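Nothing in this text is a laboratory measurement; each read-out follows from the coordinates by a stated rule. These figures come from a predicted structure and were not determined experimentally. In this analysis, Cβ positions are derived from the backbone assuming ideal geometry, glycine residues included, and neighbour counts consider all displayed protein chains.
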Amino acid sequence: MEKRSDSELLEIVTKLRNDYQPEAIEAAELVIKNRNLSADQIEQAKQEIKEKEIAITEKENEPLNTGQKILFFMFFWGVIPWAMAGTFKTSGYLKQYKDAWRFMKYGLFTFLGLNGLIFLILYFIFN
């Protein structure tokens with residue numbers, strides 16, 4: 001706990017309290033107490049926590065760009081686009097993950113619809 005920054009320690013004892021074991025929380029509280037943080041330092045640490053939360057939220061809500069949408073639409077099949085979509089989720093880009101799968105579904109349905117239409121046209125032409 002000694003290696004953690006002030007903002008990380010404050011985050012552990014406040015927002016992430018349920019994610020840590022009681023011994024870790026006690027250790028974090030002890031380190032904060034030993035550092036004798038001033039009110040300004042505490043406010044600065046709280047501001048860092050808020051900025052971190054804003055950055056995470058912006059990252060989660062970042063959409064795919066047009067080129068990526070087209071590529072996922074055209075190449076809906078195969079392991080590579082599926083793996084790329086998976087990396088969006090593991091990297092924290094949740095909207096990009098959802099958009100990638102949505103455009104792969106659009107591509108699949110378009111492919112199936114066009115093939116069905118071509119099949120019907122050919123069926124009626126040759127029968």
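The lysines whose alpha-carbon is closer than 19 Å to the alpha-carbon of Lys46, local same-chain residues fewer than 8 away aside, are Lys3, Lys15, Lys33. Divided by 2.2 N^0.38 Å, where N counts the residues, the Cα radius of gyration of the chain comes to 1.81. With the convex hull drawn over the C-alpha atoms of segment 66-126, the volume per residue is 69 Å³.
When all alpha-carbon pairs of segment 6-60 are counted, what percent fall beyond 15 Å?
Values: 748 of 1485 pairs.
Beyond 15 Å sits 50 percent of the P(r) for segment 6-60.
What value, in deg cm²/dmol to 500, does the helix sum -39500 (n - 2.57) over DSSP H runs of n ≥ 4 give at 222 nm once divided by the residues of the chain? List each step's numbers first, then the result.
Values: 6 runs with 98 residues, N = 127.
Taking each H run of at least 4 residues, the total per residue is -25500 deg cm²/dmol.
Once you list every other residue whose beta carbon is under 11 Å from the beta carbon of Lys89, what net charge do they have if Lys and Arg are +1 and Asp and Glu are -1? Overall, the nearby charge balance is +1. Cβ crowding within 10 Å ranks Leu71, Leu114, Leu10 as Leu114, Leu71, Leu10, fewest other Cβ atoms first.
Of the residues Asp40, Asp6, the one with the fewest other Cβ atoms within 10 Å heads the list, and the complete ranking is Asp40, Asp6. Computed from phi, the 3J(HN,Hα) profile of segment 82-98 under the Karplus parametrisation 6.51, -1.76, 1.60 (θ = phi - 60°) reads 5, 5, 4, 4, x, 5, 4, 5, 5, 8, x, 8, 5, 5, 5, 4, 5 Hz, with x in place of Gly and Pro.
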